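First up is the structure itself, then whatever we jot down about it.
The values are calculated or read from the model by the stated rules, or taken from the named source; none is laboratory data. Everything numeric here is computed off the predicted structure, so don't read it as measured data. Note that we place each Cβ from the backbone using ideal geometry, even for glycine, and neighbour counts take in every protein chain shown. Keep in mind that these areas ignore ligands, DNA and RNA; they rest on the heavy atoms of the full protein, side chains included. Shrake-Rupley method; radii C 1.70, N 1.55, O 1.52, S 1.80 Å.
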Amino acid sequence: MILSKFFSQSVVGAHKSDKKMAEKKGITSTMGWYAVVLVLVRSAIPVRSDASDHRYKVGDPVPLYANKVGPFHNPSETYRYLDLPFCTPAHMKEKKEALGEVLNGDRLVSAPYKLDFLQDKDSEIVCKKTLTKEEAAQFRKAVAKDYYFQMYYDDLPIWGFLGKVDREGKSDPSEYRYYIFKHLHFEIFYNKDRVIEINARTDPSALVDLTEDKEVDVEFMYSVKWKETNTPFEKRMEKYSQSSSLPHHLEIHWFSIINSCVTVLLLTGFLATILMRVLKNDFVKYAHDEETADDQEETGWKFINGDVFRYPKYKSLFAAALGSGTQLFTLTVFIFILALVGVFYPYNRGALFTALVVIYALTSGIAGYTAASFYCQLEGTNWVRNLLLTGSLFCGPLFLTFCFLNTVAIAYTATAALPFGTIVVIFLIWALVTSPLLIMGGIAGKNSKAEFQAPCRTTKYPREIPTLPWYRGTLPQMAMAGFLPFSAIYIELYYIFASVWGHRIYTIYSILFIVFIILLIVTAFITVALTYFQLAAEDHEWWWRSFLCGGSTGLFIYAYCLYYYYARSDMSGFMQTSFFFGYMACICYGFFLMLGTVGFRAALFFVRHIYRSIKCE
């Protein structure tokens with residue numbers, strides 16, 4: 001169920017539920033260190049107060065907060081509710097927001113409407129005001145851009161459009177008529193002493209014409225109707241959380257899964273058959289050669305056994321990329337665990353952003369340990385510089401992107417602009433949690449004294465790589481490697497984009513997790529196959545190639561961003577375009593590092609296995 005459907009029906013609302021939260025708290029009791037991370041993240045994520053706080057008596061005030069307004073098609077471009085000349089409440093109060101809610105762009109203030117428990121109202125006047133030419137122009141511009149508003153009543157979200165544009169029978173935009181809705185109807189359902197559901201609709205007959213550039217008198221009104229329902233408080237969220245599980249949605253999701261599984265089976269079956277047959281022939285051939293003619297010149301991948309484990313160029317950067325990729329992979333796994341146990345239920349404001357910040361900070365030690373350990377295995381000496389590179393490899397581009405986009409949001413006075421206090425909090429998390437854990441992990445990795453396990457000795461001088469056809473170059477190989485994993489996930493990508501960059505609700509995390517597993521399998525398998533063909537062509541520089549081929553799916557996802565922006569969305573404007581392509585660039589870069597790490601680890605396992613199976617001189 002999507003927000004546009006709610007609007008088209010002029011019925012809007014949704015719910016939160018604590019039941020799943022209480023049921024899943026026990027998940028952390030048996031998971032060791034992972035449990036510690038989950039507990040810390042869970043405690044950091046804002047949740048509703050206890051259900052007993054949501055019991056009311058007749059006439060009790062029920063909290064109603066106005067959140068934000070913005071163009072419907074530009075989800076990142078939102079503004080404070082009172083940036084438009086609405087009625088101002090007598091006692092305006094700003095609600096304190098958690099970190100994730102601020103990152104989500106939520107800015108809650110007291111709304112001018114009073115919806116006391118079980119108190120019906122009919123055409124209650126909020127305020128009478130005369131809109132100046134400038135204020136009328138503000139509303140007219142907002143209506144032209146399909147602005148919507150968002151409020152929260154007893155933690156239940158409410159949406160609605162500000163007005164409408166009359167285009168009927170008019171071909172010239174200068175003839176359009178612009179109207180603002182002045183009467184809101186609230187329909188609230190209750191069960192005994194609790195609020196269960198709230199819907200809001202506008203009165204299509206109560207319009208104010210703002211087409212003319214002149215002062216306009218407006219009388220804002222609202223009506224309230226209370227109705228009893230049998231829906232229990234614990235289930236007031238269900239029909240919205242299940243909206244993405246409707247039959248026609250599930251059919252498409254399962255088609256995506258079947259498509260991906262068929263791709264995986266065909267790919268793995270085809271490549272496994274070829275690789276097993278070719279490798280078997282290679283082993284038989286090399287064993288025969290060793291028995292009959294030891295001085296016979298070797299060919300194929302055995303020919304480069306003295307070079308295949310030669311350390312790569314820029315090994316500090318390579319180790320840093322592996323460390324960052326491992327951290328991002330761990331972060332993704334934790335996010336899936338939290339999603340599957342029900343933490344990210346719809347309208348849990350800012351939960352995902354809070355989890356991302358906290359888990360990334362707590363897992364930085366994994367990046368430090370992995371990078372420093374692998375760097376020392378490659379006989380690197382300047383491990384301090386390697387740690388600095390590891391810490392800045394992903395955070396550096398993300399920080400620069402954030403600085404630019406936050407500046408754009410400040411220029412637009414949008415709620416996406418982070419307050420100075422929030423920036424200080426994020427900096428303190430980085431300085432007091434992320435950096436110390438990164439250093440501690442790096443020290444532990446340096447002191448691990450692990451040695452690189454190479455089945456073959458490396459010769460003093462590298463062999464010359466023979467001239468290869470163009471399609472064996474890095475870029476063509478990356479294109480081949482990235483296309484197959486991308487083809488396994490592209491159907492699901494639309495739903496993810498429509499949720500992140502739109503108003504769809506996405507709750508089928510189990511299907512998404514299956515798609516993620518398929519993505520990892522295809523990435524690992526295609527990287528192994530391409531690595532074998534590279535070695536068979538006597539090209540021993542496979543280290544970076546396997547990483548780049550594994551991570552190339554991230555480039556395909558970014559290419560999909562271009563398609564989605566121009567063909568599947570109605571986003572527009574400099575701010576929304578900047579936010580979409582800026583933050584998607586960071587996300588795709590993160591996928592590049594994560595999947596590159598998966599690809600290299602799979603290729604390294606494969607290369608060690610095949611060279612361990614032959615006698616290396």
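The residue list Gly59, Gly100, Gly70, Gly105 contains one member that is in contact with a Ser or Thr (Cβ under 9 Å, 6 or more places away or on another chain), in a loop (DSSP other than H, G, I, E, B), of a type in the set (Gly, Ala, Ser) and touching a residue at least 24 places away in the same chain (Cβ under 8 Å), which is Gly105.
Determine whether Ala498 is of a type outside the set (Phe, Trp, Tyr), touching a strand residue (DSSP E or B) at 6+ places or on another chain (Cβ under 8 Å) and not in a loop (DSSP other than H, G, I, E, B). So Ala498 fits the description; yes. Criterion applied to Phe600, Phe516 was being crowded, with 19+ Cβ neighbours inside 10 Å, part of a helix (DSSP H, G or I) and at pLDDT 90 or above, and the one residue passing it is Phe600. Annotation: of all residues in region 463-476 being in contact (Cβ under 8 Å) with a residue 60 or more places away in the chain and either open to solvent by 80 Å² or more (accessible area, probe 1.4 Å) or more than 29 Å from Ser373 (Cα to Cα) (or both), the one that is nearest to the chain's Cα centre (by Cα) is Arg472.
Just to be sure before I move on: is Ile359 closer than 24 Å to Cys588 by Cβ, open to solvent by 20 Å² or more (accessible area, probe 1.4 Å) and in a helix (DSSP H, G or I) in the structure I sent?
Working: closer than 24 Å to Cys588 by Cβ: yes; open to solvent by 20 Å² or more (accessible area, probe 1.4 Å): no; in a helix (DSSP H, G or I): yes.
So Ile359 fails the test.
Scanning region 494-506 for residues that are open to solvent by less than 30 Å² (accessible area, probe 1.4 Å) and either farther than 21 Å from Gly554 by Cβ or under 11 Å from the mean Cα position of the chain (by Cα) (or both) turns up Phe497, Trp501, Gly502, Ile505. Looking only at residues that are part of a helix (DSSP H, G or I) and among the polar types (S, T, N, Q) in region 314-355, which one is surrounded by the most Cβ atoms within 10 Å (Cβ to Cβ)? Restricting to residues being part of a helix (DSSP H, G or I) and among the polar types (S, T, N, Q), the top hit is Gln327. Of the residues that make up region 535-549, is at least one modelled with pLDDT of 95 or more and among the aliphatic types (A, V, I, L, M)? Yes, region 535-549 contains at least one residue that is modelled with pLDDT of 95 or more and among the aliphatic types (A, V, I, L, M).
Of the listed requirements (1) open to solvent by 50 Å² or more (accessible area, probe 1.4 Å); (2) over 12 Å from Gly368 (Cβ atoms), Phe452 misses just one: (1).
Of everything in region 532-555 that is assigned to a helix (DSSP H, G or I) and open to solvent by 20 Å² or more (accessible area, probe 1.4 Å), the residue that is nearest to Tyr490 (Cα to Cα) is Leu555. Residue count for region 558-617, restricted to those that are closer than 20 Å to Thr458 by Cα and touching an Asp or Glu at 6+ places or on another chain (Cβ under 7 Å): 1. Within region 158-191, the set of residues being surrounded by fewer than 17 Cβ atoms within 10 Å (Cβ to Cβ), farther than 13 Å from Arg140 by Cβ and basic (Lys, Arg) comprises Arg167, Lys170. Of the helices (runs of 4 or more DSSP H) contained entirely in region 377-436, those carrying at least 3 residues that are under 14 Å from Ser76 (Cβ atoms) and either modelled with pLDDT of 95 or more or touching a Phe, Trp or Tyr at 6+ places or on another chain (Cβ under 6 Å) (or both) fall at 395-411.
Annotation: Pro232 fulfils all but one of (1) modelled with pLDDT under 95; (2) within 22 Å of Thr78 (Cβ to Cβ); the unmet one is (2).
Quick one: is Phe220 buried (at least 20 other Cβ atoms within 10 Å of the Cβ), more than 24 Å from Lys57 (Cβ to Cβ) and in contact with a Gly (Cβ under 7 Å, 6 or more places away or on another chain)? So Phe220 fails the test.
Just need a number here: residues in region 147-165 that are in a loop (DSSP other than H, G, I, E, B), of a type outside the set (A, V, I, L, M, F, W, C) and in contact with a strand residue (DSSP E or B) (Cβ under 6 Å, 6 or more places away or on another chain).
Taking region 147-165 as the starting set, the residues that turn out to be in a loop (DSSP other than H, G, I, E, B) are 154-155, 162.
Subset that is of a type outside the set (A, V, I, L, M, F, W, C): 154-155.
Next cut, in contact with a strand residue (DSSP E or B) (Cβ under 6 Å, 6 or more places away or on another chain) only: 154.
Residues flagged as in a loop (DSSP other than H, G, I, E, B), of a type outside the set (A, V, I, L, M, F, W, C) and in contact with a strand residue (DSSP E or B) (Cβ under 6 Å, 6 or more places away or on another chain) within region 147-165 amount to 1.
Residues being open to solvent by 50 Å² or more (accessible area, probe 1.4 Å), under 21 Å from the mean Cα position of the chain (by Cα) and modelled with pLDDT under 90 are represented in region 478-491 by at least one member. The residues in region 192-203 that are in contact (Cβ under 8 Å) with a residue 24 or more places away in the chain, under 24 Å from Ala136 (Cβ atoms) and assigned to a loop (DSSP other than H, G, I, E, B) can be counted, and the count is 0.
Restricting attention to region 204-242, the residues being part of a strand (DSSP E or B) and free of Cβ contacts under 8 Å to residues at least 60 places away in the same chain number 5.
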